[in-house]
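Colleague: Mind looking over this structure? Questions follow.
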Amino acid sequence: MNSSMVLAGHAKTEEEHRHDICIVGRWMYEHEYIVACEGNVSVRLADGRILTTPTCMNKGCLSPEDLVITDLNGHKCFGGRKMSSEILMHLLFYRMRPDVNAVCHAHPITATGFASAGRALDQALLPEVIIGLGQVPLVRYATPGTSDLSQALEPFVESYDALLLANHGAVTCGPDLLTAFYRMETVEHFAKILLAAENAGTPKLLSSREVAKLMAARSRYGVAAPPGAACELPVTSDSEDGAADEVTLKRDELDHLIEEALRQDRARR
């Protein structure tokens with residue numbers, strides 16, 4: 001992996017963001033998350049405008065001058081290239097999530113396979129994934145680059161940092177570009193491990209108590225929960241009849257569940 005990405009920790013210039021987007025485009029191509037002209041990457045600039053990759057170009061071969069700047073309404077402000085129609089998906093995240101400053105969209109092979117099979121990555125299997133992402137829901141299919149896709153995404157954007165798009169791919173967001181890319185990397189890694197576990201036998205899921213403890217540990221690892229008031233917990237070993245029941249909780253209800261799990265754990269010691 002190229003180590004020349006501009007380090008986080010300071011207010012970046014537009015030139016630095018252009019440099020970083022080109023590096024992440026190469027990473028996505030080298031990891032086989034995209035081929036040909038697939039995928040797109042964007043960053044919110046300090047002035048609120050969006051710097052994004054162009055359409056009809058391989059994102060692994062971009063130069064800083066290839067990038068396009070748009071406003072939050074999707075109007076091109078600067079750049080000689082044509083912007084991607086999928087900018088609408090990126091703009092939805094920026095409008096709904098003030099905490100989001102970067103978005104990555106790609107088609108990682110294994111994760112997209114799950115999305116094409118109509119399966120979310122929602123099982124409580126790996127502690128790191130639960131801490132980092134909670135779970136990765138599946139968004140219904142909608143035509144890429146259309147307002148219909150934005151409508152399908154809207155109920156999920158405030159509550160999740162990574163989403164599978166049915167028959168399409170994955171989209172991740174973050175407070176900075178490196179985090180958004182790492183989340184894409186985590187989605188694909190999780191999909192590979194889940195597929196390997198299912199090929200080896202029956203995956204052994206964590207319990208709801210263990211999930212609550214992991215969710216409580218997020219702050220210790222510097223993971224900020226999405227601002228949405230509701231989220232679905234991963235499917236656990238004690239889900240009724242082993243089914244993938246969907247449980248929606250308000251933030252205070254989730255906090256109570258976490259506190260109760262920690263209290264019970266302390267009492268058993």
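Colleague: Given a Förster radius of 25 Å and the C-beta distance between residue 128 and residue 238 as r, what FRET efficiency does 1/(1 + (r/R0)^6) yield to the nearest 0.05?
Modeller: Details: r = 21 Å, r/R0 = 0.84.
It comes out at approximately 0.75.
Colleague: What percentage of the solvent-accessible surface of the range 196-235, computed with a 1.4 Å probe over protein heavy atoms, is contributed by carbon and sulfur atoms? Numbers along the way, then the final one.
Modeller: Numbers: 1140 of 2120 Å².
So the carbon and sulfur contribution to the accessible surface is 54 percent.
Colleague: Please give the FRET efficiency for residue 32 paired with residue 259, using the beta carbon to beta carbon distance and R0 = 45 Å, rounded to the nearest 0.05. List each step's numbers first, then the result.
Modeller: Working: r = 42 Å, r/R0 = 0.94.
The value I calculate is 0.60.
Colleague: While we're here: Over the alpha-carbon set of the range 148-187, divide Rg by the Kirkwood Rh and report the Rg/Rh ratio to two decimals. Working shown, then result.
Modeller: Values: Rg = 10.3 Å, Rh = 10.6 Å.
Here the Rg-to-Rh quotient is 0.97.
Colleague: GNM, the chain, Cα, under 10 Å: largest mean-square fluctuation among 196, 170, 102?
Modeller: 196
Colleague: Where the convex hull is taken over the Cα atoms of the chain, what is its projected area averaged over directions, in nm²?
Modeller: Values: hull surface 59.6 nm².
Taking the Cα atoms of the chain, their convex hull projects to 14.9 nm² on average.
Colleague: What's the Kirkwood radius of the range 87-233 in Å, using all Cα pairs? It would help to have the intermediate numbers written out before the result.
Modeller: Values: mean 1/r = 0.0651 Å⁻¹.
Hydrodynamic radius (Kirkwood, Cα only) of the range 87-233 equals 15.4 Å.
Colleague: Would you kindly calculate the mean projected area, averaged across all directions, of the convex hull enclosing the Cα atoms of the range 154-211, in square nanometres?
Modeller: Numbers: hull surface 22.5 nm².
Seen from a random direction, the Cα hull of the range 154-211 projects 5.6 nm² on average.
Colleague: How many angstrom lie between the Cα centre of the range 18-46 and the Cα centre of the range 95-124?
Modeller: The range 18-46 and the range 95-124 have Cα centres separated by 15 Å.
Colleague: In the range 120-184, carbon and sulfur make up what percent of the accessible area (probe 1.4 Å)? Intermediate values should be presented prior to the final figure.
Modeller: Working: 1070 of 2060 Å².
Roughly 52 percent of what the probe reaches on the range 120-184 is carbon or sulfur.
Colleague: Continuing with the same structure: Compute from the Cα atoms of the range 95-151 the Rg and the Dmax, the latter being the longest Cα-Cα distance, and quote both in angstrom.
Modeller: For the range 95-151, the Cα radius of gyration and maximum Cα-Cα distance read 13.3, 35 Å.
Colleague: Label-point separation (nm) for residue 16 and residue 189, each offset 7 Å from Cα along Cα-to-Cβ?
Modeller: Once both label points are built, they end up 2.5 nm from each other.
Colleague: Distance in nm between label sites at residue 45 and residue 199, each 7 Å beyond Cα in the beta-carbon direction?
Modeller: Each label point is offset 7 Å from its Cα along the Cβ direction, giving 4.5 nm.
Colleague: Another question, then. For the range 38-83, what % of the accessible area comes from carbon and sulfur atoms, probe 1.4 Å? Mind dumping the intermediate values first?
Modeller: Values: 1080 of 2060 Å².
So the carbon and sulfur contribution to the accessible surface is 52 percent.
Colleague: Antiparallel versus total DSSP beta bridges in the range 85-196: what percent is that, nearest 5? Could you put the intermediate results ahead of the total?
Modeller: Details: 10 of 12 bridges.
Roughly 85 percent of the beta bridges in the range 85-196 run antiparallel, per DSSP.
Colleague: Still on this model: Which sequence of 17, 90 reflects their accessible areas, 1.4 Å probe, from the largest down?
Modeller: Working: 17 35, 90 0 Å².
The most accessible residue leads, giving 17, 90.
Colleague: What whole-number value in Å² describes the accessible area per residue of the chain for a 1.4 Å probe? Present the calculation step by step, with values, prior to reporting the outcome.
Modeller: On the way: 12690 Å² over 269 residues.
Counting only protein heavy atoms, the per-residue value for the chain is 47 Å².
Colleague: Name the residues of the range 92-122 whose amide N is less than 19 Å from a point 7 angstrom out from the Cα of residue 218 along the C-beta direction?
Modeller: Output list for this probe position: 93-94, 96-104, 121-122.
The values are calculated or read from the model by the stated rules, or taken from the named source; none is laboratory data. Not measured: the values here are computed from a predicted model. Don't worry about glycine lacking a Cβ; one is built from the backbone with ideal geometry, like all the others, and counts go over all protein chains shown. Heads up: the accessible areas ignore ligands, DNA and RNA and are worked out on the full protein's heavy atoms, side chains in. Shrake-Rupley method; radii C 1.70, N 1.55, O 1.52, S 1.80 Å.
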